[in-house]
1. What are the residues in the stretch 109-159 that are among the acidic types (Asp, Glu) and closer than 30 Å to Ile96 by Cα, if any?
2. Looking at the structure I just gave you, is Lys55 modelled with pLDDT under 90 and within 30 Å of Leu138 (Cβ to Cβ)?
3. For the stretch 158-173, give me each residue that is closer than 22 Å to Lys215 by Cβ and of a type in the set (A, V, I, L, M, F, W, C).
4. Out of Gln149, Gln145, which single residue is touching a residue at least 24 places away in the same chain (Cβ under 8 Å), in a helix (DSSP H, G or I) and among the polar types (S, T, N, Q)?
5. When Gly226 is evaluated against the numbered criteria (1) modelled with pLDDT of 90 or more; (2) more than 32 Å from the chain's Cα centre (by Cα); (3) surrounded by fewer than 14 Cβ atoms within 10 Å (Cβ to Cβ), which criterion, by number, is the only one it fails?
6. Test Ile195 against the stated conditions and say whether it is closer than 24 Å to Ala255 by Cα and either assigned to a helix (DSSP H, G or I) or touching a residue at least 24 places away in the same chain (Cβ under 8 Å) (or both).
7. Could you list all residues from the stretch 177-192 that are at pLDDT below 95, surrounded by 13 or more Cβ atoms within 10 Å (Cβ to Cβ) and assigned to a helix (DSSP H, G or I)?
Amino acid sequence: MSVDARLQSAAKALGSLQGLLSSLGPLPAPTKVQLFRKKRSLKQSKKVDLTACPKFAGKKEIVDFTSQWGEFSNVHLQRKYFRSTEESLWRSNIIIALNKAGSDARAFRRDVRRWRRKRVNPEDIVEKMKQEYSSTLLVMQLAVQERVQVFPWLLDYRDRNGRVVIPSGVVLSFAKIDQRLEDLLFDSDDAEWEIADPAKVIMIVNALTDDQRMKLVNSLRSKLPGLGGQLDLRQIDYATLKKELEWFASFDRDAEINARQRQSGGRERAFRGQQRRGRGSGGFRN
């Protein structure tokens with residue numbers, strides 16, 4: 001086929017294509033929805049303002065934190081602020097904000113990681129924490145209240161009705177009473193349950209034997225000459241009574257240390273005597 005024939009054939013094909021396009025009519029204009037989607041796809045994601053992120057103040061305040069977090073999320077972490085292809089970025093920003101909220105609470109950040117390992121959606125983590133913290137904190141607080149009522153006895157030993165067994169005839173030293181009081185105060189702080197000073201005084205007085213009470217009374221009278229008449233330890237302020245308890249507890253601890261040293265010294269002397277006897281009889285034999 002000659003070149004002219006080929007050009008004529010191509011011209012006919014082009015004419016046929018133009019005729020077909022003309023028969024289809026003009027292309028429809030894009031709808032408003034299509035324009036909105038195109039505009040939204042080109043829009044940049046909103047930058048999260050972490051300066052407005054609420055701070056986690058403690059398990060006891062989890063309800064208040066949940067409310068503050070909800071307000072913060074509605075303003076800064078809504079899904080609509082991120083493009084349709086940025087779901088992972090949206091959830092990553094939630095985790096970043098949660099770590100910011102718990103910047104002063106290591107346990108909070110650890111729990112965030114724990115819930116992520118359980119594959120809980122980041123947007124649901126705070127609600128999960130609220131349920132867990134509220135339940136756990138309540139159990140801890142109830143345990144502290146029970147220990148206050150039965151102080152200084154432990155909760156490990158109970159009868160078949162579940163009541164704490166208080167052994168009869170058992171005398172606790174000043175050091176033991178002071179240590180159990182310190183342990184209880186530490187746990188009460190962890191449970192965010194404050195024990196009032198008058199309750200602490202009652203706890204100490206009820207834990208003492210008659211002889212221990214008399215020792216404290218005589219000591220306080222010698223140090224505080226203004227105290228006269230029949231002295232009731234329950235009327236002494238907690239700071240004064242606690243200081244006196246610690247003073248007597250120090251003597252108990254010194255006595256315990258000396259007893260351990262004497263016991264250790266006795267074992268060492270016995271071992272050396274055995275060595276001397278062994279050398280005298282020709283040494284040890286396997």
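1. Asp111, Glu123, Asp124, Glu127, Glu132
2. When the stated conditions are applied, Lys55 does not pass them.
3. Selection gives Val170, Val171, Leu172.
4. When all the criteria are applied, what remains is Gln145.
5. Here Gly226 meets the rest and fails (1).
6. Details: closer than 24 Å to Ala255 by Cα: no; either assigned to a helix (DSSP H, G or I) or touching a residue at least 24 places away in the same chain (Cβ under 8 Å) (or both): yes.
Here the answer is no, as Ile195 does not meet what is asked.
7. Of everything in the stretch 177-192, those that are at pLDDT below 95, surrounded by 13 or more Cβ atoms within 10 Å (Cβ to Cβ) and assigned to a helix (DSSP H, G or I) turn out to be Asp187, Ser188.
The values are calculated or read from the model by the stated rules, or taken from the named source; none is laboratory data. These figures come from a predicted structure and were not determined experimentally. Methodologically, a virtual Cβ is constructed for each residue, glycine included, from the backbone with ideal geometry; neighbour enumeration extends over all protein chains shown.
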